1. As a quick test, which of the pairs 120/194; 256/327; 117/401; 120/327 have an alpha carbon distance above 24 angstrom in this structure?
2. So which aspartates and glutamates can residue 176 reach, going by Cα to Cα under 13 Å and dropping same-chain residues fewer than 8 places off?
3. Which of rounded, prolate, oblate describes region 84-194, given a ≥ b ≥ c as roots of the alpha-carbon gyration tensor eigenvalues and a/c under 1.5 marking rounded, otherwise prolate only if a/b is larger than b/c?
4. Could you compute the FRET efficiency for residue 89 and residue 401, with r as their C-beta to C-beta distance and R0 at 45 Å, rounded to 0.05?
5. Under the rule a/c < 1.5 gives rounded, and otherwise a/b versus b/c splits prolate from oblate, where does region 114-173 land using the Cα gyration tensor?
6. Calculate, for residue 196 and residue 329, the FRET efficiency according to 1/(1 + (r/R0)^6) with r their C-beta to C-beta distance and R0 41 Å; round to the nearest 0.05.
7. Kindly rank 243-253, 117-127, 196-206 from highest to lowest mean number of other beta carbons found within 10 Å of each residue.
8. Please give the length that would be gained between residue 285 and residue 151 if that part of the chain were fully extended, namely 0.36 nm times their separation in residues minus their C-alpha to C-alpha distance (nm, one decimal).
Amino acid sequence: MKPSAHHPPNPRTACLSKMKQPNNNSNKQQIVRRAAASTTGLILLLLLVAFTASNYVSLNVDRFTDVPTSAPAANAAARLSSAACDVTRGEWVPDPAAPYYTNATCPFIDGRQDCMKYGKPGLGSILRWRWQPHGCDLPRFDAAAFLRLVRHRSMAFVGDSVARNHMQSLMCLLSKVEHPQEIEPRDCVHCTRKYHYREHNFTVAVFWAPFLVRWNLTRAGALQFMDPHNVFLDEADPEWARAVAGYDYVVLNGAKWFTRPVVLHERGRAIGCSDCGDHPSSATYVPPSRAVRAAFRTALRALRELPGFRGRVVVRTVAPPHYENGKWYDGGNCLRTRPMRSGETRLPETEAAFHAAQVEEFRDAVGAAEAGRFVLLDVSEMMQMRGDGHPGQYGHWPHEKVGFGIDCVHWCLPGPIDAWNELLLHLITS
């Protein structure tokens, strides 16, 4: 409503109004009517302002879907907005504030993922990106907030060496607030290790279980990384299954080892093989994705039925490798220096099949468990865009002879894997 312009009183009109005494009642009625009209207009204007303000506040509250709140109505709104915003779909955007840490501030980086130490080219720009979901914001990782959430609690990472990579990323992010002490220090890489944050009474552990289910080498003296393995698809690996009952969170992953030569067993007998190696041509071929599906089904059922386990299970999907122009053993490499966009790439066939198997088994587990027990940490699409984030040949010095000379499977620390812990914090806060 546009207010009327103000004009000074006309002296002649003022004189005439003084002479018209008999019309006092009429004038009073007009004044009352005008006052009433003004009051009504003011009330309508105030209502309009209040309505607009309430809608503005509502719109802005809905945007920040990651802010925890205790009011039931607000919780319902947060659930609706979280459902509307899929934090696993988005783009990598420039972030001049990255990274969170360096190899000078974090002592927990595995040397083979220390891309700063070994001078990976373009690392200064490779590190300066952050994950931006479509339609909402993913808050930056807050180490103090994370440690407050997990005070007096415990978290187990169960899986292969990428599970260890994930845990070490978390430890580096938390190092801004506190450094842990290792419980029963062990001089090993592919083994179970545990750490304790004394000030927060928080325990974090990684359980070495590359197949999630029980496994062993097919012959004595065989090499763990090259020779065939027996994999028992219907038996959870006792390395973790007997140990995680008291944990509050279990982060589960595993897939890439199923691309190695394996002999698969169910119900006490061999059912076939994947990448059958030296086994006779008569052996039944089993697609690796079927083996991954069976292993996840077994692991998730074991957690659902594990006596005394009341924790929350986070199922982390496959993170694709990025070998180009060959495999890890015949000249393949990962030389990219910037992220791709979502429309420029898609999961390779093998990883797409692994992802589908993991997500479908996760959904089945959700349907058979109480609400909130199982949550999905889907990193597959976001990491498919980050072929620049691996060590490549920069996990060792050029003159060093190492078995895994060009690593396009694990992730630089710091690096894009740190975004997994932003998502993890989002999940355990929700």
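1. Details: 120/194 30 Å; 256/327 13 Å; 117/401 17 Å; 120/327 20 Å.
Long pairs (Cα-Cα over 24 Å): 120/194.
2. Counting by Cα, and skipping residues close in sequence, residue 176 has these aspartates and glutamates nearby: 142.
3. Details: a/c = 1.78, a/b = 1.26, b/c = 1.40.
It is oblate, given that a/c is not under 1.5 and a/b is not larger than b/c.
4. Numbers: r = 42 Å, r/R0 = 0.93.
E(calc), rounded to 0.05, equals 0.60.
5. It is oblate, given that a/c is not under 1.5 and a/b is not larger than b/c.
6. Working: r = 39 Å, r/R0 = 0.94.
Rounded to the nearest 0.05, the efficiency is 0.60.
7. Values: 243-253: 20.6, 117-127: 16.3, 196-206: 18.3.
Output ranking for 243-253, 117-127, 196-206: 243-253, 196-206, 117-127.
8. Details: separation 134, 0.36 × 134 = 48.24 nm, distance 4.74 nm.
Full-extension gain reported as 43.5 nm.
The values are calculated or read from the model by the stated rules, or taken from the named source; none is laboratory data. Since we're looking at a predicted model, the values are computed, not measured. When we count neighbours, we look across all protein chains shown, and the Cβ atoms used for this are built from the backbone with ideal geometry, even at glycine. Keep in mind that these areas ignore ligands, DNA and RNA; they rest on the heavy atoms of the full protein, side chains included. Shrake-Rupley method; radii C 1.70, N 1.55, O 1.52, S 1.80 Å.
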